[in-house]
Amino acid sequence: MELNIPEFEGPLAQRGIGVIAPFDLALERELWRWAPLEVSLHLARTPYEPVPVSRAMAELVSDRRHLMVATRDVLSVEPEVVAYLCTSGSFVNGVTYEKALCDAICEAGASCAVTTSGALLEALRKLDLTRISVITPYDRELTDLLRDFLDEAGTEVVRSSHLGLGGGIWKVNYRTIAEHIIGADTPDAQAIFVSCTNLPTYDLIAPLERELGKPVLTANQLTIWACLGRMKLPMTGPGKWLRGVF
């Protein structure tokens, strides 16, 4: 029996991003929505810590030793860039420590490193944004530390809003998040940043950008955007102000 099987090239060459996530990340499905077809995400997690979302947790999950171990866990699949996917963990100790986290990832063997807060600063520079509003799911202390981080980097936070959650952040519904984003907006703010990679935002970005007429920048969006920029790949998904910017 002769089989008539067409010849195919492929599979499509895979290009990888290594992702180091806090132990409580529950939004892998949102990450994949940002990735183009040829990109695969390879996740490793930091060790479990029995503490609520807080300054203490942010410091625990950003221990450079944990990041180095997690980096080595994903290197066997040859990612082109390794991202530390955590906003609070990458801003909690300031701008210098954010850079130190990238250095730790590279020291562990990655050829290129990104953090969520570093990606935020990169986007603010490229979009020439110096005054923003922020919303977070955190308590006031951690939210104030985000303000301090941005102030250190030369960005003024003109208004902030926080949900005060100690856990279960991925369960917050879109209506609640949208109301806080709208409530955080002010004519002085050039953009709104929505912190935390565990806060769902994907489907809110486009309609709120149309409604508010300014960028709505979110943690997962910026992290994947920064990784894809280093890979010379276009970003998929919402975020019209970031398209073609890298």
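The values are calculated or read from the model by the stated rules, or taken from the named source; none is laboratory data. Keep in mind that what you see is a predicted model, and the values were worked out from it rather than measured. For neighbour counting, all protein chains shown are included, and Cβ atoms are generated from backbone atoms with ideal geometry for every residue, glycine included. Just the protein is used for accessible areas: all its heavy atoms, side chains included, with ligands, DNA and RNA removed. Shrake-Rupley method; radii C 1.70, N 1.55, O 1.52, S 1.80 Å.
Values computed for the structure shown
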read-out	value
Within the stretch 151-170, considering residues that are in contact (Cβ under 8 Å) with a residue 40 or more places away in the chain and out of contact with any helix residue (DSSP H, G or I) (no Cβ under 8 Å at 6 or more places or on another chain), the one least open to solvent (accessible area, probe 1.4 Å)	Ile169
Top-ranked residue of the stretch 211-245 - restricted to ones that are in contact (Cβ under 8 Å) with a residue 40 or more places away in the chain and more than 16 Å from the chain's Cα centre (by Cα), ranked as least open to solvent (accessible area, probe 1.4 Å)	Met231
Check on Arg72, without any contact (Cβ under 8 Å) to a residue 60 or more places away in the chain and more than 18 Å from Phe23 (Cα to Cα)	no
Residue tally, condition touching a strand residue (DSSP E or B) at 6+ places or on another chain (Cβ under 6 Å) and over 16 Å from Arg147 (Cβ atoms), over the stretch 82-99	4
Test result for Thr130, open to solvent by less than 50 Å² (accessible area, probe 1.4 Å), of a type outside the set (A, V, I, L, M) and farther than 15 Å from Pro52 by Cβ	no
Ala58 being in a helix (DSSP H, G or I), in contact with a helix residue (DSSP H, G or I) (Cβ under 8 Å, 6 or more places away or on another chain) and more than 20 Å from Asn220 (Cα to Cα)	no
Unmet criterion (only one of (1) in a loop (DSSP other than H, G, I, E, B); (2) out of contact with any Ser or Thr (no Cβ under 6 Å at 6 or more places or on another chain)) for Ala110	(2)
Flag if Ile182 is open to solvent by less than 50 Å² (accessible area, probe 1.4 Å) and modelled with pLDDT of 95 or more	no
Residue in the stretch 79-114 that is surrounded by the fewest Cβ atoms within 10 Å (Cβ to Cβ), counting only those that are in contact with a Lys or Arg (Cβ under 9 Å, 6 or more places away or on another chain) and either at pLDDT below 95 or of a type in the set (Asp, Glu) (or both)	Asp103
The stretch 49-78 - residue that is more than 16 Å from Ile169 (Cβ to Cβ) and hydroxyl-bearing (Ser, Thr, Tyr) and, of those, surrounded by the fewest Cβ atoms within 10 Å (Cβ to Cβ)	Ser76
Among residues of the stretch 61-92, those that are under 20 Å from Leu222 (Cα atoms) and assigned to a loop (DSSP other than H, G, I, E, B), counted	6
